Amino acid sequence: MATGEATGIAIVGCGYVADYYRQCLGLHDGVLRLTGVWDHDPARLTAFSSCWGDRAYRSMDDLLDDRSCALVVNLTTPESHAEVTAQAIAAGRHVYSEKPLGMTLAEAERMRAAAREAGVRLSAAPCNVLGESAQTAWSAVRRGAVGRVALAYAELDDGMIHRADYRSWISRSGRPWPARGEFETGCTFEHAGYAITVFAAMFGPVRRVTAFSSLLIADKRTDPPLPHPAPDFSVGCLEFDGGVVARITNSIVAPYDHRMRIIGEDGTLEIKEPWDYASPVRLRKAAQGRLGRLMERRFGGALASRIAPVRATPFRGGRGKPTMDFMRGVAELASAVASGRNPRLDEDFAVHVTEVTEMLQHPERFERPATVRSSFAPIAPMDWAG
Ligand SMILES: NC(=O)c1ccc[n+]([C@@H]2O[C@H](COP(=O)([O-])OP(=O)(O)OC[C@H]3O[C@@H](n4cnc5c(N)ncnc54)[C@H](O)[C@@H]3O)[C@@H](O)[C@H]2O)c1
């Protein structure tokens with residue numbers, strides 16, 4: 001790839017989320033160029049490629065024979081991530097993988113080792129830490145808006161999904177939302193990364209995890225029944241290198257609540273929805289006087305002021321557009337490779353997020369509290385976040 005040329009990317013896995021990635025591709029003109037798409041399900045491949053007018057590869061080998069593709073975007077089911085990522089790495093391609101990078105820490109570490117040996121770069125979703133909302137909150141933390149941060153809370157409760165009308169959730173190219181996968185991969189593996197990545201970028205590597213998980217509703221009313229239902233609730237406390245403690249709760253049982261709160265000695269930052277890059281960041285100062293305490297008791301906190309977004313023209317989703325720029329992580333990886341710098345979401349970061357996620361979903365696999373062995377170098381904020 002010549003300097004200044006858009007990076008050729010190919011999508012593998014043309015399912016539900018692929019439509020959202022595809023919709024965001026146009027936001028990265030000049031950085032990313034789609035060379036084609038592949039899915040091992042012929043019906044999916046045809047539906048997706050004809051919906052978007054994209055070239056459909058004949059096979060994974062056909063894709064890997066195409067030298068114009070420098071980067072594979074792995075959007076397959078979590079259980080296929082390792083196989084597809086390994087194939088692409090072996091063929092000398094950089095890979096951006098949907099989360100989780102692997103189903104276990106060991107699998108993620110194997111992929112990092114393979115990428116290093118092949119001299120390619122590997123990065124993983126989610127990339128909401130690169131979004132305007134997370135960058136605004138992080139910038140506020142850096143400039144001391146809440147003083148010294150002591151505690152952070154993330155709620156990733158998704159409501160009782162199995163009682164929701166999810167069979168009517170259809171992506172643009174006609175893929176129904178893959179509920180069975182969600183119930184068997186587990187809401188923690190699917191969602192914890194949206195909080196871990198943001199907190200880890202702000203507070204550094206996690207050193208210890210104390211977690212609990214459980215399957216509270218085994219029968220998710222699927223037909224046929226689920227052979228391997230995953231825990232549908234988890235809660236864990238993360239101790240970061242710098243002393244901050246975070247509590248992360250995941251469930252598909254408790255009512256929808258995606259609040260993230262960053263609590264410092266002088267106040268609290270709140271993000272309502274980490275799945276929306278435009279979600280406002282609000283600051284509540286710690287209550288001091290009697291009136292402040294009364295308001296806290298009555299309204300759950302002092303009056304909130306809105307922190308100005310750090311980007312002049314922030315990303316706006318909604319009205320038929322995704323609320324997250326799914327392709328931003330891919331563009332970040334491609335730009336890093338093109339300019340020879342380290343990607344913000346690098347291999348070490350992806351392995352670390354996988355390790356902490358596995359500890360949250362499967363605490364029984366680790367000692368308690370579990371000592372995290374992976375680490376990562378500090379991440380730079382986005383250039384526009386100062
Ligand atoms: N569904 C969502 O809302 C959502 C949101 C964000 C991220 N994700 C993540 O995106 C990934 C994909 O999720 P999805 O919802 O699109 O699932 P999906 O089941 O709708 O799509 C996955 C696609 O991958 C294909 N596939 C599986 N193994 C393959 C292989 N070896 N080679 C080629 N194609 C293969 C399947 O045929 C299927 O079309 C998952 O990692 C998930 O965690 C999903």
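The values are calculated or read from the model by the stated rules, or taken from the named source; none is laboratory data. Just so it is clear, the model here is predicted, and its values are computed rather than measured. Every residue, glycine as well, gets a Cβ built from its backbone with ideal geometry; the counts of neighbours run over all protein chains shown. Keep in mind that these areas ignore ligands, DNA and RNA; they rest on the heavy atoms of the full protein, side chains included. Shrake-Rupley method; radii C 1.70, N 1.55, O 1.52, S 1.80 Å.
Taking the alpha carbon gyration tensor of segment 7-124, multiplying each eigenvalue by 5 and rooting it gives semi-axes of 22, 15, 13 Å, largest first. At the listed q of 0.20 Å⁻¹, the Debye profile of segment 168-284, built from one uniform point per Cα, gives log10 I(q)/I(0) equal to -1.19. Could you tell me the center-to-center distance, by alpha carbons, between segment 179-228 and segment 43-93 in angstrom? So the separation of the two Cα centres works out to 26 Å. The stretch between Cys51 and Glu79, if pulled fully straight at 0.36 nm per residue, gains 7.5 nm over its current Cα-Cα span. For the chain, the longest principal axis of the alpha carbon atoms and the long axis of helix 328-339 meet at an angle near 70°. Each listed q (0.10, 0.11, 0.12, 0.14 Å⁻¹) maps to a log10 I(q)/I(0) for the chain, found by the Debye formula over equal Cα scatterers with no solvent: -0.64, -0.78, -0.94, -1.29.
Over segment 42-102, the pair-distance histogram of Cα-Cα distances with 10 Å bins from zero comes to 22, 50, 28, 0 percent, rounded to whole numbers.
Using a 1.4 Å probe and counting only protein heavy atoms, arrange Arg247, Arg341 so the residue with the most accessible area comes first.
Arg341, Arg247
Using the rule -39500 (n - 2.57) for each DSSP H run of four or more residues, divided by the residues of the chain, the 222 nm mean residue ellipticity is -9000 deg cm²/dmol. Relative contact order for the chain: 21 percent, from Cα pairs under 8 Å spaced at least 6 residues apart, divided by residue count. Restricting attention to the chain, the count of lysine pairs at 8 or more positions apart or across chains with alpha carbons under 26 Å apart stands at 5. Once the Cβ-Cβ distance of Arg293 and Asp266 is raised to the sixth power relative to R0 = 22 Å, the FRET efficiency obtained is 0.85.
Comparing Glu117, Glu190, Glu355 in a Gaussian network model of the chain where C-alpha atoms under 10 Å apart are linked, the largest mean-square fluctuation is found at Glu117.
Principal-axis analysis of the Cα atoms of the chain puts helix 290-299 at an angle of about 40° to the longest axis. Taking Asp232, Asp257, Asp165 in turn, the Gaussian network model of the chain (Cα-Cα springs below 10 Å) assigns the largest fluctuation to Asp165. When both bridge partners sit in the chain, DSSP labels roughly 60% of those beta bridges antiparallel. Looking at the chain as a GNM with Cα springs under 10 Å, which of Ala192, Ala286, Ala145 has the largest mean-square fluctuation? Greatest mean-square fluctuation among the candidates belongs to Ala286.
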